[in-house]
Amino acid sequence: PVQGATTLAKRFGSSRAVASTSAPQRLCAAAVANGLRREAPEHVHRRRFSATSTGVGTRLGQYLEACGANWGDAVEVQDIVASQDGQTFAWQVDLPPERLATIRPGDPIESRPFELMSSGSSQGVRARFQLFPKGDSNASDPSHCSLWLSTDSRERLPIRLRLASTEREGGASDFCRLEDALSNGSLQVSVSLKDGRLADASTDVQKVQQSLQLTDLKFAEWRLFNAQELFRAGKLVSSPPFRFHHVLLGDMYLEFQPGAPHPEHCAVFFRCRIPTMRLRVKLEEGSGSFSKTFEAVGRASGEDDLKQGRFLPVNMDAPNVFESDGSLIVRAALEEVVTIPAALRDMIPRLDERASWPKRL
């Protein structure tokens, strides 16, 4: 169970957990989980279980410490480096053998967000790299890398993506072989603007003002304070991440898409990232005039959700849609966990049970 908790912490937590390797540490972990005080070696007690240790900063970290995990150093995500002319953006992904061994097919690594700028312009679009070292769900072989560039632009951008020596005009599930791209334990990723320009940078970049409140891992309220400006800008907006039902189910998001499915409407999507997971959720705008219950599907695209009706349509011209301050409120409620991957489903009760075990003798 500790090993299983360790693997999931690497996937969903902000730090990297490492399994206990000594009996004193395991006894100390069990004692802490049950609220007991126990004298432990100075270096074990203070370094692994102090209030300032890395793992305690998140709810998942506290939960896994109660299950007996110890905390190691966080995996560092390298910054995006822009070229001198601002037309190429590079990202280094460190993949030493011990980290690569923990990554499974379908596991993504994402860069920090950055801004793609046009030549001689102050306007641009937000972007981030999404890399699957062992392929995404559409890859033909786990020996192939998948690479994509996610942006907030509704237009297709004139870019060239590069992974090691392989270059393509856009992302692909079978971008190149991992063995060919890996060099000295790292991957070199970059994107370049073709002809030094963006496809359509005529729309001003809007600053998103928002808040999100989560209650009991079942209810979320998302407020867009400048919703009318965002609707006129016509760009996709994502909420801060949150988690329903259990922290091990990963990050979830709400998305606001102006102009869909009709020009005077907006579509509100519910996003979850675990493949094959299905959650029955209810979305409702603030006044209650528009509400809908549907099954959200893990890793589904916006186009698929629109075709299948898995979204909340809101007529922005309807009365009382906006609050008195011009904000738009969207409420999300989890009604049922329909399907989650079998391995994760089996892991959750074992971790919950372990957290309540007495100390080991």
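The values are calculated or read from the model by the stated rules, or taken from the named source; none is laboratory data. Since we're looking at a predicted model, the values are computed, not measured. Don't worry about glycine lacking a Cβ; one is built from the backbone with ideal geometry, like all the others, and counts go over all protein chains shown. In case anyone asks, the SASA skips ligands and DNA or RNA and just uses the protein heavy atoms, side chains included. Shrake-Rupley method; radii C 1.70, N 1.55, O 1.52, S 1.80 Å.
Quick look at the values:
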{"quantity": "For Gly170, distant residues with modelled amide H under 5 Å away", "calculated": "Leu161"}
{"quantity": "For region 305-316, 3J(HN,Hα) per residue [Karplus equation, 6.51 cos²θ - 1.76 cosθ + 1.60, θ = phi - 60°, Hz, x = Gly/Pro]", "calculated": "5, 5, 5, 8, x, 8, 6, 9, x, 10, 7, 6"}
{"quantity": "Region 77-192 - percent of accessible surface contributed by carbon and sulfur, probe 1.4 Å", "calculated": "44"}
{"quantity": "Cβ-derived FRET efficiency at R0 25 Å, Phe225 paired with Lys307, nearest 0.05", "calculated": "0.20"}
{"quantity": "Region 273-312 - accessible surface per residue (Å², probe 1.4 Å)", "calculated": "47"}
{"quantity": "For peptides 264-271, 160-167, sequence by mean Cβ density within 10 Å, most packed first", "calculated": "264-271, 160-167"}
{"quantity": "Hydrodynamic radius by Kirkwood, which averages 1/r over all alpha carbon pairs of region 130-177, in angstrom", "calculated": "11.0"}
{"quantity": "R0 of 30 Å, Cβ-Cβ distance Arg273-Glu167: FRET efficiency to nearest 0.05", "calculated": "0.65"}
{"quantity": "Long-range HN-HN contacts of Met277 with modeled amide H, under 5 Å", "calculated": "Gly298"}
{"quantity": "Region 211-361 shape via C-alpha gyration tensor axes, a/c threshold 1.5", "calculated": "prolate"}
{"quantity": "FRET efficiency, Ser287 to Val338 (Cβ-Cβ, R0 41 Å, nearest 0.05)", "calculated": "0.90"}
{"quantity": "Above-threshold pairs, the threshold being 32 Å between Cα atoms, out of Lys218/Lys307; Lys134/Lys282; Lys235/Lys292", "calculated": "Lys134/Lys282"}
{"quantity": "Label-point separation in nm, Arg126 to Asp216, each point 7 Å along Cα→Cβ", "calculated": "3.1"}
